[in-house]
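Trainee: Could you have a look at this structure, given as structure tokens, before my questions?
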Amino acid sequence: MSITFEFKTELWTPTYTQISANTINDFKIAIKSIPLNSLLYHFYINIFNYNLISSIYTNSFADWFYRNGYYSLAEEVAFIDPTEYLDLENLRQDLINILSKYNDDKIMQNAFYFLTIKRNIFFTNLKANTLEEFVNGIKNSSINSIFYHLVMSKLDNKKLINDYSEWLSIQGHFQKAELINKINLDIYVLNLIQVKQLILEILTG
Amino acid sequence: MIELIKYEDLIGKEEIEELKIIAQKIKDKKVLHVNSTDKGGGVAEILIRLILLMNSLDIKADWKVIKGNYEFFKFTKKLHNLLHLNINEDIESDEVRIYLKTIYENINEINTEDYDIVFIHDPQAIGLIVKKQKKQKWIWRCHIDTSTPNLKAWNLIELFINSYDAVVFHMPEFIYKGIKIPTYVIPPSIDPLHPKNIPLDQEFIIKTLNKFLIDHEKPILLQVSRFDRLKDPIGVYNAYKLIKNKYDCQLVLLGSFASDDPEGEEVYKEIINQVGDDKNVFILNLPPDSHLEVNAFQRAATIVFQKSIKEGFGLVVSEAMFKQKPVIGGNTGGIRKQIIDGVNGYLVDTYQGAAFRARQLLADKSLREKMGQNAFNFVKHNFLITRHLKDYLTLIYELVNS
């Protein structure tokens, strides 16, 4: 069956929520009310922007805890892998559960500022009807486009399979589809330039 | 499209294509940027290039500069300082009168009516908002840290801010409470193709040093900044004196006077008096367009300082990092977003701290090289103008579709 794959991309511009936290207890209150896109931003921004070495941990919550000396809490929060969630409310609940073990009004050296995003999704000029065209599309995709199809498509559609793998399966490339979906499991600890390279190796291998 | 293609080697074809896609969505919009100086300082430098890049994407973008006399800029510099630091100082009625009078004169001079999107940069021109028309989107772009402002200064500008459609800060830490409009966070950037950042021949670098009687074989400690107390040039000199006990090195403090900064000359004289007749210290006041010379100094430097006490973003840090230099920066403002302590440079709180880190770097060439490489990579992925352009285009898209 031939279905055209249309490559899209996603761009974010962060806005400040006017919510900040100076203590663990402030943070616990804030985390219950921040928009889901704020969770999305803070869990994914370092992957989304390909910040090579900007932080100790991938998500900015864990990074903030670490920089303020809450090492155990940082490790627990860092271990939450957002790619395993199809509903960010569940992620929020897991975060709340971890935080419930902590109770501290000590003022941190630096406050945490909650940002949120509006997602802007655009079609690119890239389309694919064949595997060859698909490889070419991936080669010419930005990391924002890779992020959209690997991560956001799953969240948006509440599906366990990403866009790339779904299309490859429909085209009959089951092994390639499965391998790419496995990469997806590791996206949280890689960067998107590495991920793009791995996808191309699978597709052309 | 000629301009954009030149960035392809650095950021890749796919990033260029993405810029074209979003530009296509807003290509019928006219964009105006307004600020207070066309020479000197990071804002003017980045605006020149952003306008060119927007035009190369078929977006009609223009840049206009407000005019004012000495009294006007003296007050706006004071306002800038009061927003930056919570100094206990009053704002006089006469100063507000001069400010409003100058804005009134500029209202007649600066045509904003023909534009769909108007960016006003920093507090100097903030009052132009009175010209806003319903169909337009006005954005106040704040380049300074207003997190702990003098309240009289903040209350004055807050009256204007909330009439805008959106405000943009470099980082959330800079935002003071009370803003009721969408508050975007977009870090600034440097342009790798600006004469200040392009690759240079070693011959030109040495020639530039020779011109100022600087020894190219002796280590050079450099700070490039306006002559401004908040940049702590005296602190850098004090650090140099400590380093000098162990290492035979030179200090170069390089800056220029900007037309909107009447304090510059005063601070310059203060530094000259402090330094006295030390033959290894060079206080250079270069014309604002000495981009190739600044570039040469940054490339020639062994270590670069940006020991600010308070800083907007401090793009000069990224400029040096892009040239693979380890930077020792003040632990403040945007410097903290650029330097990851111990990875691509060092953050310090005192001149003693600056001296200690400089000694570590002077003693270990491989450490300097490793940090320099990390610094280059970090800037390449986070603080280049193409990322900035993409953020602005996305912001415009969001606003015109909101």
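The values are calculated or read from the model by the stated rules, or taken from the named source; none is laboratory data. Keep in mind the model is a prediction, meaning the values are calculated, not measured. Neighbour counts are summed over all protein chains in view; Cβ atoms, including those assigned to glycine, are modelled from backbone coordinates with ideal geometry.
Trainee: Every residue in segment B:144-166 that is outside any helix (DSSP H, G or I) and closer than 26 Å to B:Lys231 by Cα, please.
Mentor: Initially, segment B:144-166 is screened for residues outside any helix (DSSP H, G or I), giving B:144-150, B:162-166.
Selection gives B:Ile144, B:Asp145, B:Thr146, B:Ser147, B:Thr148, B:Pro149, B:Asn150.
Trainee: Working only within segment B:67-87, note down all residues that are part of a loop (DSSP other than H, G, I, E, B), farther than 18 Å from B:Thr102 by Cβ and not polar (S, T, N, Q).
Mentor: Looking only at segment B:67-87, we keep the residues that are part of a loop (DSSP other than H, G, I, E, B), and these are B:67-69, B:85-87.
With the extra rule that they be farther than 18 Å from B:Thr102 by Cβ, the set shrinks to B:85-87.
Passing the criteria: B:Leu85, B:Ile87.
Trainee: Moving on. With the structure loaded, tell me whether B:Ile11 is under 30 Å from B:Asp122 (Cβ atoms), within 14 Å of chain A (Cβ to nearest Cβ) and touching a residue at least 40 places away in the same chain (Cβ under 8 Å) or whether it fails that test. Before you say what the answer is, go through the steps one by one.
Mentor: Working: under 30 Å from B:Asp122 (Cβ atoms): yes; within 14 Å of chain A (Cβ to nearest Cβ): yes; touching a residue at least 40 places away in the same chain (Cβ under 8 Å): yes.
So B:Ile11 passes the test.
Trainee: Would it be correct to say that B:Val34 is at pLDDT 95 or above, aliphatic (A, V, I, L, M) and buried (at least 18 other Cβ atoms within 10 Å of the Cβ)?
Mentor: Working: at pLDDT 95 or above: yes; aliphatic (A, V, I, L, M): yes; buried (at least 18 other Cβ atoms within 10 Å of the Cβ): yes.
Yes: the conditions hold for B:Val34.
Trainee: Tell me, yes or no, whether segment B:189-202 has at least one residue that is outside any strand (DSSP E or B), modelled with pLDDT under 95, among the basic types (Lys, Arg) and out of contact with any Cys (no Cβ under 9 Å at 6 or more places or on another chain).
Mentor: yes
Trainee: Here's something else I'd like to know. Hey, among the residues in segment A:1-40 that are at pLDDT 95 or above and among the aromatic types (Phe, Trp, Tyr), which one's surrounded by the most Cβ atoms within 10 Å (Cβ to Cβ)?
Mentor: Result: A:Phe27.
Trainee: Can I ask one more? Going through segment B:177-215 one residue at a time, which ones are aromatic (Phe, Trp, Tyr) and within 11 Å of another protein chain (Cβ to nearest Cβ)?
Mentor: Answer for segment B:177-215, where residues must be aromatic (Phe, Trp, Tyr) and within 11 Å of another protein chain (Cβ to nearest Cβ): just B:Tyr184.
Trainee: Still on this structure: Assuming B:Leu53 fulfils every condition listed in (1) crowded, with 21+ Cβ neighbours inside 10 Å; (2) more than 28 Å from B:Leu156 (Cα to Cα); (3) touching a strand residue (DSSP E or B) at 6+ places or on another chain (Cβ under 7 Å) apart from one, which condition is it?
Mentor: (3)
Trainee: Which of the following residues is surrounded by 22 or more Cβ atoms within 10 Å (Cβ to Cβ) and within 18 Å of B:Ser402 (Cβ to Cβ): B:Phe169, B:Phe119?
Mentor: B:Phe119
Trainee: Inspect segment A:14-37 for any residue being of a type in the set (Asp, Glu) and more than 25 Å from A:Asn120 (Cα to Cα) and give the result as yes or no.
Mentor: Yes.
Trainee: So, restricting to helices (runs of 4 or more DSSP H) that lie completely within segment B:1-64, which ones have at least 2 residues that are closer than 30 Å to B:Asn106 by Cβ?
Mentor: Because the criterion is at least 2 residues that are closer than 30 Å to B:Asn106 by Cβ, the helices (runs of 4 or more DSSP H) in segment B:1-64 that meet it are B:42-56.
Trainee: Same structure, new question: Does A:Phe147 satisfy the condition of being within 13 Å of chain B (Cβ to nearest Cβ), loosely packed, with under 14 Cβ neighbours inside 10 Å, of a type outside the set (Asp, Glu) and touching a strand residue (DSSP E or B) at 6+ places or on another chain (Cβ under 8 Å)? Full working, then the answer.
Mentor: Values: within 13 Å of chain B (Cβ to nearest Cβ): yes; loosely packed, with under 14 Cβ neighbours inside 10 Å: no; of a type outside the set (Asp, Glu): yes; touching a strand residue (DSSP E or B) at 6+ places or on another chain (Cβ under 8 Å): yes.
The answer is no for A:Phe147.
Trainee: Quick check: is even one residue across segment B:26-47 within 14 Å of another protein chain (Cβ to nearest Cβ) and closer than 15 Å to B:Leu395 by Cα?
Mentor: Yes, the conditions are met somewhere in segment B:26-47.
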